[in-house]
1. Restrict the search to segment 17-88; then list the trypsin sites (Lys or Arg not before Pro) that DSSP places in a loop and that have at most 15 other Cβ atoms within 10 Å of their Cβ.
2. Given a Förster distance of 22 angstrom, what is the FRET efficiency for residue 93 paired with residue 50, based on the Cβ-Cβ distance and rounded to 0.05?
3. Relative contact order (percent) for the chain, with alpha-carbon contacts under 8 angstrom and 6 or more residues of separation?
4. Rounded to the nearest 0.05, what FRET efficiency do residue 57 and residue 35 have when you use their Cβ-Cβ distance and R0 = 22 Å?
5. Per DSSP H run of n ≥ 4, the term is -39500 (n - 2.57); total these for the chain, divide by its residue number, and report the mean residue ellipticity at 222 nm rounded to 500 deg cm²/dmol.
6. Quick one: compute a quarter of the convex hull surface over the Cα atoms of segment 5-105 and quote it in nm².
7. Within 10 Å of each residue's Cβ, count the other Cβ atoms and sort 81, 22 from fewest upward.
8. Enter the Cα centre distance for the pair segment 29-49 and segment 54-109, rounded to the nearest angstrom.
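Readers should treat all values here as calculations from the given coordinates under stated rules, not as data from a laboratory. Predicted model, so just to flag it, every value in this text is computed and none were measured. Ideal geometry is used to build each Cβ from the backbone, glycine not excepted, and the neighbour counts take in all protein chains shown.
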Amino acid sequence: MKRTPESIVKIKVKKVLDEFGVWYYMPVPSPLGRAGIPDIMGILPWDGRALGIETKAPGKKNNATENQKRFIAEMNTAGGVAFVTDDAEEVRIKLNACKQEAQKNHHCG
């Protein structure tokens with residue numbers, strides 16, 4: 001099966017999550033699920049907060065749907081960490097920042 005540009009980003013992001021010890025799963029879209037749920041959901045190991053990552057193909061980071069944008073905003077407002085990315089290195093940078101901030105005061109954004 002041929003890999004899509006977005007699937008390649010997902011593979012790279014999952015490797016970064018593994019490096020950080022993040023527990024994660026990839027929800028299967030369903031009519032019974034929530035609209036806009038990110039491609040990857042997880043738990044940050046250093047503070048237990050929810051993590052949501054919506055992956056896009058390189059150069060398509062700004063193509064999140066309105067439902068995805070709304071879900072990410074709700075998750076961040078509720079105290080989680082959620083964002084859209086098209087680059088695994090961006091995930092590494094964000095996780096490093098979250099980990100450092102959590103070590104200081106148990107919060108990152």
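1. Sites meeting the loop and neighbour criteria: 34, 60.
2. 0.70
3. Once normalised by length, the contact order is 26 percent.
4. It comes out at approximately 0.60.
5. Rounded to the nearest 500, the figure is -14000 deg cm²/dmol.
6. 6.2 nm²
7. 22, 81
8. 12 Å
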